[in-house]
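Reviewing the structure listed below.
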Amino acid sequence: MTHRTADLGVLQGTALLLGGVLGPGALVLPHLAAAAAGPASIAAWAGLLALSVPVALTFAALGSRHPDGGGAAAFTGLAFGERASAVVGWWFYFCVPAGIVAGALIGGEYVAAALGLDAAGLLACLLLGVAFAANAAGLRTSGGLQVGLVGLLAALLVAAVALAAPHTDAGNFTPFAPHGAGGVARAVGVLLFAFAGWEAASHLSADFADRRRGLRRATAVTLVVVGVLYLGLAVTTIGLLGERAAVTGVPLTELLAAGIGDAARPVTGAAAVLLSLGAINTFIAGAARLGVALARDGALPARLTGGPAPARSLASLAVLTGALLPPVLLWNADLDVLMRVTSACLAAVTVAGTAAAVRLLPRGAARRTAVAATVFGGAALLCCGAYLLVPLALAVAALLPARRSSPEAASNAVAAR
């Protein structure tokens with residue numbers, strides 16, 4: 001989160017939690033899921049929504065019990081030690097380049113479609129350049145603007161579902177599972193991108209006016225809103241587009257066009273720019289500061305990400321992102337691959353956080369919920385398949401600087417916590 005407001009009510013808290021879960025991925029994920037599983041992608045959406053319940057409640061319980069917690073990495077450190085915390089930190093830090101390139105490509109595709117251009121890659125580079133320049137200049141998206149952008153996305157999703165629903169065709173739902181159970185599993189693997197962010201709840205507990213019940217109520221409302229939006233989007237995308245859902249890169253434009261015609265293209269194009277920039281800016285800002293913390297704790301070399309300001313960490317992120325762009329653009333790398341890499345890392349972060357909750361939460365309903373979240377989350381994580389090699393490789397790499405870290409770095413990390 002970029003901003004925290006004292007004495008949050010349920011409505012404000014819900015808006016901030018939605019900001020942690022909803023993102024520009026919703027603009028393209030219905031297409032990627034449909035390509036993997038056809039109409040059965042709806043089952044993948046529903047399954048991940050069911051998984052979200054214990055995950056969201058677990059992080060809400062962690063936030064209530066540890067209101068000053070620093071997210072999944074901090075919880076993992078409390079439960080399993082600093083090396084485990086370093087691994088979780090690496091998973092997030094090094095998946096950011098893939099995630100922000102994916103977000104930029106989503107925005108680029110929608111803008112290119114709106115303008116009738118074949119320049120999605122160039123537009124994506126422009127979006128990334130603006131976001132990195134803004135962070136280098138010290139500009140960050142305010143919490144209020146982030147909430148506004150989330151509200152814009154929610155309004156677009158509601159409008160798209162409402163306008164497309166009357167035009168759906170029941171025949172588009174057959175055959176329901178053309179790619180079998182394997183297709184549903186592959187759909188889960190990419191849709192995990194849309195369900196990362198529940199750990200954001202753990203940062204908000206101390207800001208609620210009602211610290212005992214406020215966060216839990218906001219989490220419950222968020223679960224309902226996310227469930228309605230995502231399922232509505234999944235069902236109407238298949239019902240309206242049928243087989244075309246698997247090939248269109250701009251499904252939200254197609255849904256809106258059913259009701260407002262050609263005006264849908266500039267509307268979704270403009271919205272995609274705002275949403276992509278907001279999400280990219282937030283990820284870059286958060287990862288740059290995480291890099292500083294990882295250097296402080298000896299998990300990353302200080303010469304690359306250390307220092308009192310995040311300038312070095314930001315520069316390292318820019319270099320990693322720049323190195324990723326040529327193969328993505330020149331070899332026309334699939335957006336699906338970028339999102340699956342990001343999903344595997346973010347899902348691993350979430351499972352680490354819920355596993356930590358099993359140790360940190362007291363016996364009773366909260367711990368049982370954490371166990372369920374960890375088991376179900378682990379099963380969903382397995383749907384990432386070969387992409388699990390990415391978090392595995394990062395985990396191995398993260399442990400190397402931990403073994404080489406000096407006693408001073410270790411003592412600094414203990415003191416910082």
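Within the range 233-264, the set of residues being acidic (Asp, Glu) and at pLDDT below 90 comprises ASP262 only.
Mind listing whichever residues of the range 251-274 are over 17 Å from HIS167 (Cβ atoms) and open to solvent by 10 Å² or more (accessible area, probe 1.4 Å)? Answer for the range 251-274, where residues must be over 17 Å from HIS167 (Cβ atoms) and open to solvent by 10 Å² or more (accessible area, probe 1.4 Å): ARG265, PRO266, VAL267, ALA270, VAL273, LEU274.
Within the range 37-53, the set of residues being surrounded by fewer than 24 Cβ atoms within 10 Å (Cβ to Cβ) and either in contact with a His (Cβ under 8 Å, 6 or more places away or on another chain) or acidic (Asp, Glu) (or both) comprises ALA40 only. Condition check for SER64 on (1) within 20 Å of VAL158 (Cβ to Cβ); (2) open to solvent by 10 Å² or more (accessible area, probe 1.4 Å): one failure, at (1). Being over 30 Å from LEU17 (Cβ atoms) and either open to solvent by 50 Å² or more (accessible area, probe 1.4 Å) or of a type outside the set (D, E, K, R) (or both) is a condition met by no residue of the range 186-193. Considering the conditions (1) touching a Ser or Thr at 6+ places or on another chain (Cβ under 8 Å); (2) open to solvent by 10 Å² or more (accessible area, probe 1.4 Å); (3) over 21 Å from LEU29 (Cβ atoms); (4) among the β-branched types (Val, Ile, Thr), THR305 is excluded by exactly one of them, (2).
The residue of the range 146-179 that is nearest to the chain's Cα centre (by Cα), among those that are open to solvent by less than 30 Å² (accessible area, probe 1.4 Å) and closer than 21 Å to ALA35 by Cα, is LEU157. The residues listed here are ARG359, ARG363; of these, the one that is charged (D, E, K, R), farther than 22 Å from LEU388 by Cβ and touching a residue at least 24 places away in the same chain (Cβ under 8 Å) is ARG359.
Helices (runs of 4 or more DSSP H) fully within the range 237-342 that include at least 2 residues being within 22 Å of the chain's Cα centre (by Cα) and either more than 21 Å from TRP91 (Cα to Cα) or of a type in the set (Lys, Arg) (or both): 251-260, 264-296.
The values are calculated or read from the model by the stated rules, or taken from the named source; none is laboratory data. Computed from a predicted structure; not experimentally measured. Methodologically, a virtual Cβ is constructed for each residue, glycine included, from the backbone with ideal geometry; neighbour enumeration extends over all protein chains shown. Surface areas here come from the heavy atoms of the whole protein model, side chains and all, with no ligands, DNA or RNA. Shrake-Rupley method; radii C 1.70, N 1.55, O 1.52, S 1.80 Å.
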